[in-house]
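The block underneath contains the structure these notes are about, expressed in structure tokens.
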Amino acid sequence: MSHVFHRMPRQAYPVAVGGEGAYVLDADGKRYLDASGGAAVSCLGHSHAGVIAAIKAQLDALPFAHTSFFTTPAAEALADLLAESAPPGLDHVYFVSGGSEAIEAALKLARQYFVERGEPQRRRFIARRQSYHGNTLGALAVGGNLGRRTLFEPLLIDVEHVSPCYAYRDQQAGETAQAYGERLARELDATIERLGAETVIGFVAETVSGATLGAVPAVPGYFQRLREVCDRHGILLILDEVMCGMGRTGTLFACEQEGMVPDIVTVAKGLGAGYQPIGAMIASSKVYEAILAGSGFFHHGHTYVGHAAACAGALAVQRAIAEENLLARVRELGAGLASRLRQVFQHHEHVGDIRGRGLFWGLEFVADKAAKLPFDPALRLHARIKANAMHEGLMCYPSGGTLDGRAGDHVLLAPPYILEEPQLDEIVEKLGRAVDRSIAEIR
Ligand code: PLP
């Protein structure tokens with residue numbers, strides 16, 4: 001019996017013992033091509049010598065120094081690098097240990113920003129349905145994934161949810177992408193008016209929707225319209241790039257492709273690439289300076305904030321992304337992956353939608369393509385695809401249809417940026433077999 005408290009205690013997990021580039025090796029010597037980077041984490045694969053050496057060097061020098069007492073060269077250099085590469089104005093980096101912590105920090109900073117400015121009546125967030133922002137209680141509250149929220153609903157702060165930007169299902173026949181984006185902006189505007197702008201702190205959204213919808217980019221212009229709405233009402237715009245940030249979509253920050261700048265952005269997975277647990281909240285000067293001019297103290301903190309070994313690892317990851325020219329590689333490999341996915345799955349009778357950006361792609365499965373009808377969630381098609389893909393030696397990240405029936409099962413692909421061209425073929429071939437076997441099982 002395993003004494004590890006696994007998330008699904010009845011399930012048997014292969015034992016991972018090694019990593020070689022884009023592959024994970026189990027104790028029986030089986031190789032798994034990591035086509036999802038775990039959950040969009042391992043962007044440099046599993047054996048990057050430079051990153052491992054940087055972490056070892058930091059451990060030799062100093063593993064940890066509590067941030068109540070010290071800063072470290074690694075944290076300073078990483079913050080410099082992020083501030084220099086982030087969209088203009090996003091200059092102040094707060095390090096945490098993962099994505100949920102980054103969101104918690106963003107929510108608390110946003111609230112404190114208004115308190116410092118003498119607007120303590122601002123206490124509400126608006127976020128989107130069918131979104132995911134993490135599993136801690138604050139992050140769950142802003143999240144709109146019913147499957148993850150429902151059990152904990154009585155414990156959650158009151159958050160208002162508006163529609164996600166989900167063109168496959170919600171853009172109406174005859175409606176242009178621009179008109180669809182404007183309709184969603186009007187919905188946010190009306191929601192703020194209804195709640196009373198003076199009570200609202202901010203609006204939270206994933207720049208590209210990840211775990212709940214499966215790599216859904218917004219329609220062009222959507223985020224610019226939302227930025228205008230937030231500005232008109234004086235509320236903060238917080239973008240969650242925990243999954244889609246740090247190069248995953250072909251630019252370091254996904255919002256670079258949206259022509260607007262948020263007030264706060266969160267990143268995590270691709271920051272440390274799985275070599276160390278680390279996340280960050282990056283705040284604009286506007287927000288930071290309100291704290292500086294006010295109490296001069298951010299009312300937040302965790303023991304492992306700015307962990308030296310984690311910062312050294314993330315610094316090496318980010319330097320590797322720059323030095324190995326990996327953003328260009330993401331764009332190039334991403335185009336190759338997209339065309340292969342379309343070749344193999346576009347005419348598949350149960351693949352309703354193929355969407356994504358860079359090396360971040362999702363396939364949505366439907367029982368009836370014309371009606372966009374999801375499979376019965378009880379069939380757990382996504383879990384079958386994951387299991388059959390593992391049997392093939394392929395990792396893909398599954399998610400079920402939403403409980404409200406407004407999305408089908410899907411799988412997410414987020415392979416490492418260091419992938420080789422032939423591995424794109426391996427991904428689609430193995431995934432194709434896993435999908436067909438899974439659908440045969442439920443017929
Ligand atoms: N935000 C987004 C968009 C995510 O995809 C995730 C995790 O999947 C999180 C937040 C939470 O991150 P973590 O699991 O590191 O706490």
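The values are calculated or read from the model by the stated rules, or taken from the named source; none is laboratory data. Computed from a predicted model, the values in this text were never measured in an experiment. Here Cβ is always computed from backbone atoms with ideal geometry, including for glycine, and neighbour counts include all displayed protein chains.
Summary of values
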read-out: Any hit, the range 211-219, residues being away from the ligand (no atom under 15 Å from the Cβ), under 30 Å from residue 36 (Cα atoms) and touching a Pro at 6+ places or on another chain (Cβ under 9 Å); value: no
read-out: Among (1) within 30 Å of residue 363 (Cα to Cα); (2) touching a Leu at 6+ places or on another chain (Cβ under 6 Å); (3) within 16 Å of the ligand (Cβ to nearest atom), the one test that residue 110 misses; value: (1)
read-out: Test result for residue 318, in a helix (DSSP H, G or I) and either more than 18 Å from residue 102 (Cβ to Cβ) or touching a residue at least 60 places away in the same chain (Cβ under 8 Å) (or both); value: yes
read-out: Every pair of residues 6+ apart whose Cβ atoms lie under 9 Å, when the first sits in the range 379-402 and is at negative phi and assigned to a loop (DSSP other than H, G, I, E, B) while the second is modelled with pLDDT of 95 or more and β-branched (Val, Ile, Thr); value: 396/385; 396/411; 396/427
read-out: Qualifying residue in the range 201-209 (condition: at pLDDT below 95, within 24 Å of residue 373 (Cα to Cα) and either part of a strand (DSSP E or B) or in contact with a Ser or Thr (Cβ under 7 Å, 6 or more places away or on another chain) (or both)); value: no
read-out: Contacts under 7 angstrom Cβ, first residue in the range 133-149 being more than 19 Å from residue 105 (Cα to Cα) and within 11 Å of the ligand (Cβ to nearest atom), partner part of a helix (DSSP H, G or I) and of a type outside the set (Phe, Trp, Tyr), 6 or more apart; value: 148/140
read-out: Residue 4 vs. criteria surrounded by fewer than 17 Cβ atoms within 10 Å (Cβ to Cβ), within 28 Å of residue 212 (Cα to Cα) and over 24 Å from the mean Cα position of the chain (by Cα); value: yes
read-out: Residue within the range 253-263 that is over 13 Å from the mean Cα position of the chain (by Cα), part of a helix (DSSP H, G or I) and among the charged types (D, E, K, R) present; value: yes
read-out: Filter result for residue 343 (among the polar types (S, T, N, Q) and over 30 Å from residue 271 (Cα atoms)); value: yes
read-out: Flag for residue 224 being in contact with a helix residue (DSSP H, G or I) (Cβ under 9 Å, 6 or more places away or on another chain), polar (S, T, N, Q) and more than 16 Å from the ligand (Cβ to nearest atom); value: yes
read-out: Members of the range 1-55 found to be over 25 Å from residue 320 (Cα atoms), in a loop (DSSP other than H, G, I, E, B) and touching a Pro at 6+ places or on another chain (Cβ under 8 Å), listed by number; value: 27, 28, 30
read-out: Cβ-Cβ under 6 Å pairs, at least 6 apart or on other chains, the range 243-254 side in contact (Cβ under 8 Å) with a residue 40 or more places away in the chain, far side among the polar types (S, T, N, Q); value: 244/207; 251/257; 252/85; 254/207
read-out: The range 8-24, residues that are without any contact (Cβ under 8 Å) to a residue 60 or more places away in the chain and surrounded by 16 or more Cβ atoms within 10 Å (Cβ to Cβ); value: 19, 23
read-out: Conditions (1) more than 10 Å from the ligand (Cβ to nearest atom); (2) without any contact (Cβ under 8 Å) to a residue 60 or more places away in the chain: number failed by residue 125; value: (2)
read-out: Among the residues listed as 274, 270, 301, the single one being out of contact with any helix residue (DSSP H, G or I) (no Cβ under 6 Å at 6 or more places or on another chain), within 16 Å of the ligand (Cβ to nearest atom), closer than 20 Å to residue 103 by Cβ and in a loop (DSSP other than H, G, I, E, B); value: 274
read-out: Filter result for residue 281 (within 16 Å of the ligand (Cβ to nearest atom), in contact (Cβ under 8 Å) with a residue 12 or more places away in the chain and over 17 Å from residue 138 (Cβ atoms)); value: no
read-out: The range 77-105 - residue that is within 16 Å of the ligand (Cβ to nearest atom) and out of contact with any His (no Cβ under 9 Å at 6 or more places or on another chain) and, of those, farthest from residue 299 (Cα to Cα); value: 98
